[in-house]
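Working notes, beginning with the structure itself.
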Amino acid sequence: MTATAEPKEIRLSDYAPFPYAYDEVTLDFALDGEYATVTAMSVITPIEGRDRTRGLVLNGKMPFFELLGARVNGETLPADRYSIEADGDDTLMIIKDTPDVRFELEITTKFKPQDNTELSGLYKSSGTFCTQCEAEGFRSITFYPDRPDVMSVFTTKITADKAKYPVLLSNGNLIDSGDAANGAHFATWKDPWRKPCYLFALVAGDLAVVEDTFTTMSGREVALKIYAQAKNIDRCDFAMASLKRAMKWDEDRFGLEYDLDLFNIVAVDDFNMGAMENKSLNIFNSRLVLASEESATDATFERIEGVIGHEYFHNYTGNRVTCRDWFQLSLKEGLTVFRDHEFTSDLHSRAVKRIADVRYLRAAQFAEDASPLAHPVRPEAYQKIDNFYTLTVYEKGSELIRMYSTLLGKDGFRKGMDLYFQRHDGQAVTTEDFFQAMSDANSTNIEKLKRWYSQAGTPALNAEGTYDAVTKTYALTLTQTLPQTNDVKGAADKKLPQLIPVAVGLLGEDGKDMVLDGDIKCEGDAEATLDETKTTAVCRLTEFKQTFTFTNITSKPVPSVLRGFSAPVKLTMTPELTTDELLFLLANDSDEFNRWEAAQKIATSILIRLCKKHNDDKALKIEDVDVTSDPSWAIYSAACCLIVKDATANRLDRAWVEEALNFPGPSQLIQDLAPGVNPVNTYRVCKAFARAFAKESRVELEAALATCDAEAAGLAYDVDGPQVSRRALRGYAIRMLGSIGGDDVSSSIASAYSSAKNMTDTVSALTGLCGHDDSSAAKKKAFDDFLNKWKDDNNVSCTWLRMVASDAGKGGANAIDEMKRLMASDVYDAKNPNKFYSLIGGFAGGNIEGFHAADGSGYEFVADVLLQTDAINPQASSRMASPFTKWRLYDENRQNLMKAQLERLLAQKLSPNLFEIISKAIKG
Ligand code: TRP
Ligand code: ZN
């Protein structure tokens, strides 16, 4: 029925250890103008007691590469001693009757890196040779056991033209270099640390470098180098400073010291993901390295610092201790995301970071967990591992690690980490091993936390509170419900209760936290622990339903439940908190997260009421949404207006304010309302909501803008806390004002655009100009100006592409025609993932009216583009298929239109990557 054969599934339960040890590997890369010729010489020892009946099974990719020769112990391997077999889209080389004792295997392959558009393995980016081997890119270079549990010591020799490729890099230390014949030169690198091949890297190019040093806690000096194209080299200083902060932080917080004398980062323009932690040679998407005041927003600066940290932290969590198999991906990713979140929290505002992370988790990971592609943090089966670099593995995985830390405390968590490294340094291990180390290093029982690894779906948590004035007790009954999901252990009735840490505070009438000095009575093996100030209790829910009784509670409290978002669940309260109680929490809660949450809850309830009123197939006009007559509106908008004033006067943390006043967006609301949602009307309700607030608070918003501008006048630009917070508040005010529309607003934002001196203010103005559907001349002029200035910059032009894609079709134009024009323009490049993600992702993810057009034109357009891209770069096409996997959320008309596109795609010849996503999505 379908054009693509059903590919085989890889299952965790089929795991078998590899029967050979790779003692050492010597790679020789000859890079001439057209071909890369690679000779891989491995010293291999059969492992006693392991099953070798299949022989030596190696992964490769033919015909991408040609096999030029294979020798065992120097003798050419006769044709009857090995076979070449298809393995899905890949190839296996199976060598039979290998020697019983240590032997040498030499394999020579040849291929054209410049034809490698998948950007996996060895490829070329703007004239630079570079590699990406995670997860299974090494098999595009040579035949090798391409699995993370085979670890070896790598020596790499690179030979290439000296004039064209003056810089030759690989992992570890440079041990030899010199000139070679015909104007070529060579460099030999040796990495003393054993590693799996996914951490191998090579770079050869004409690159400029920024150099610095870091002195480690034991006094060793490490050379730090960041390489980029010469034209961009003056934008690397922030990345370098971030790297030094990351190295110091890992020493201070986890006692982890860098383990080589050199650390390299290379920035390349063509890269499928954000960055890669190759041992001592991190390769980065240039958008996560390059930054200057003129070219990068504050958000980009923060992201760069976070990702530089993330990749650096992998040196221990990922490299020194790696994954046994790819089902364990969250072992390194969830843990390393947690570490980079902590890094950012320790350096900046913990509360604001938490809010931003939870906002993202809810908007994106919760949606994934509710989709047909829901899978556990440790999946049980996959077709293409590339498809499992997901929000669930990364973000939910990080939440899981955060729960260990909440349950064990900061010190207990550190003890667990220390034991983990003590036991497993140099090994390839499982999430089970991590759990065991955490558990063994502490006396707390966390056994049921393990279930979070194997059960998909976002748990629902209900908290029902009752106060008894006679006994002076407050009883909080917590109930967890686990949803039905499509993963292997999906049946909801078979799911087991997960250990959920629920942080609870009780506020007294005075708005202060009650001191919880009475006993907290718990049922069964549940427990509750108090923080130092005895104002927050962590209730450990271990069954589906348990009651926690707080004693010595002298008056009826207002509960503050799930403080700091202590678990990734969907919380409901019984009885529901009233608007007054939420306002009380917003004003008083000592937990900044829950103060933000209180504001979000009020806004959400208003928005939901409005959305329900307009959730039909009528084309809704923004003017037709009556926001202000909602019963909670007046009081809510007055509270928000006060917050704007307080922020302007600097009485509140402005960065927190910017988050607090960022109303819930369509992705959030669509999930709350699903199924059967008209996403276009939901979007318009959100627009109307923002506009109503902006109109009512116009005076205060204008005052905020004026104050911020006055404060900034004459100041030298810096990315420090106060400046970043000020620009955040300023950007918020401009965005809000922009939603009012009209000539006077447009012209004042246009002048804010003209006078902007940094990218943050520039982007705020451009976003403000898109706030209203007017297709104003001012908007067009500013966007043309921006493009003109940045069209030759591969990163900044992506900012433009994303913005115009999300704005395409506004003001009556035909969105698809506009998109097609953009795709044909010089600034677009279908082979560059950043440009593809910006333009097509900006449309499919950011242009709700265009993508979800009721006639299906948006779906058809994106499906066409997916097909084109799939032939170039399957990792990119499958990532971009994600909006289609959410079809279950929408109204019947859109469900049918989306499914029709999924069926159309499935009838074509798809890459195994895209096939997996589409075929799973369609099953619903
Ligand atoms: N390990 C990388 C990280 O730090 C992820 C990554 C980079 C990746 N490039 C990739 C994953 C290509 C799959 C394919 O998170
Ligand atoms: Zn990572």
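Label reach from A854 (point 7 Å along Cα→C-beta): in the stretch 887-924, amide nitrogens under 13 Å belong to 891-894.
Give me the percent of accessible area attributable to carbon and sulfur for the stretch 322-454, probe 1.4 angstrom. Percent of accessible area from carbon and sulfur atoms in the stretch 322-454: 45. Placing unit charges on the Cβ atoms only, positive for Lys and Arg and negative for Asp and Glu, gives the chain a dipole magnitude near 1000 debye about its Cα centre. Compactness check for the stretch 10-206: Cα Rg over 2.2 N^0.38 Å is 1.01.
With 0.36 nm allotted per residue and the present C-alpha distance subtracted, the Q114-K410 stretch has 101.7 nm of extension available.
Between T471 and A299, full extension at 0.36 nm per residue minus the direct alpha carbon distance yields a gain of 56.8 nm.
Of the trypsin sites (Lys or Arg not before Pro) found in the stretch 413-444, not one falls in a DSSP loop while having at most 13 other beta-carbon atoms within 10 Å. Quantify, in whole percent, the carbon and sulfur part of the accessible surface of the stretch 10-206 (1.4 Å probe; protein heavy atoms only). Carbon and sulfur: 47 percent of the exposed surface of the stretch 10-206.
Taking label positions 7 Å along the Cα-Cβ direction at both D826 and E702, the computed distance is 4.2 nm, reported to one decimal.
Carbon-plus-sulfur accessible fraction, the stretch 668-739 (probe radius 1.4 Å, protein heavy atoms only): 57%. In whole angstrom, how far apart do the alpha carbon centroids of the stretch 822-838 and the stretch 364-434 sit? If you average the Cα positions of each part, the centres end up 34 Å apart.
Computed from the C-beta positions of Q427 and E711 and an R0 of 45 Å, the FRET efficiency is 0.25 to the nearest 0.05. The local environment of I265, defined by Cβ-Cβ distances under 9 Å, has a net charge of 0 under the rule Lys, Arg +1 and Asp, Glu -1.
Just flag the GluC sites (Glu not before Pro) in the stretch 516-563 sitting in loop per DSSP whose Cβ has no more than 15 other Cβ atoms within 10 Å. For GluC sites (Glu not before Pro) across the stretch 516-563 that sit outside H, G, I, E and B with at most 15 neighbouring Cβ atoms in 10 Å, the list reads E523, E532. For the stretch 206-255, the dipole from Cβ point charges (+1 on Lys and Arg, -1 on Asp and Glu) about the Cα centre works out to 120 debye, to the nearest 20. Treating r as the C-beta distance of D517 and A777 and R0 as 56 Å, the FRET efficiency rounds to 0.25. Look at the dipole of the chain built from charges on Cβ: of T406, T554, I47, the Cα furthest out on the positive end belongs to T554. By the helix-only formula, in which each DSSP H run with n ≥ 4 contributes -39500 (n - 2.57) and the sum is divided by residues, the chain has a 222 nm mean residue ellipticity of -12000 deg cm²/dmol. Our estimate of slack between V209 and K162, defined as 0.36 nm per intervening residue step minus the Cα-Cα distance, is 15.2 nm. Between A241, V393, A634, the Cα set farthest toward the positive side of the dipole of the chain (charges on each charged residue's Cβ, about the Cα centre) is that of A634.
Angle of helix 237-254 to the longest C-alpha principal axis of the chain, folded into 0 to 90 degrees and rounded to 10: 90°. Put the Cα centre of the stretch 594-637 next to the Cα centre of the stretch 455-522 and the gap is 28 Å. For the stretch 20-94, chymotrypsin sites (Phe, Trp or Tyr not before Pro) are listed when DSSP marks them as loop and at most 16 other Cβ atoms sit within 10 Å of their Cβ; the list is Y35.
Exposure check, 1.4 Å probe, all protein chains in place: H375 carries approximately 10 Å² of accessible surface. Taking only the alpha carbons of the chain, we obtain Rg and Dmax values of 28.3, 94 Å in that order.
Using the Cβ-Cβ distance between N552 and R451 with R0 set to 30 Å, the FRET efficiency from 1/(1 + (r/R0)^6) comes to roughly 0.35. Here each label is just a point 7 Å from Cα along the line to Cβ, and for I84 and K757 those points are 6.3 nm apart. Taking label positions 7 Å along the Cα-Cβ direction at both R52 and D32, the computed distance is 3.7 nm, reported to one decimal. Surface exposure of the chain, expressed per residue as accessible area with a 1.4 Å probe, stands at 38 Å². Using the empirical formula 2.2 N^0.38 Å as the baseline, the Cα radius of gyration of the stretch 838-910 reaches a ratio of 1.02.
In this structure, the amide hydrogen of V222, modeled 1.01 Å from its nitrogen in the peptide plane, lies closer than 5 angstrom to those of F214, T215, T216, counting only residues at least 5 positions away or on a different chain.
The values are calculated or read from the model by the stated rules, or taken from the named source; none is laboratory data. No experiment lies behind these values; they were computed from the predicted model shown. Note: ideal-geometry Cβ built from the backbone for every residue, glycine included; neighbour counts use all protein chains shown. Each accessible area value is taken on the protein alone, full model and side chains, heavy atoms only, with ligands, DNA and RNA left out. Shrake-Rupley method; radii C 1.70, N 1.55, O 1.52, S 1.80 Å.
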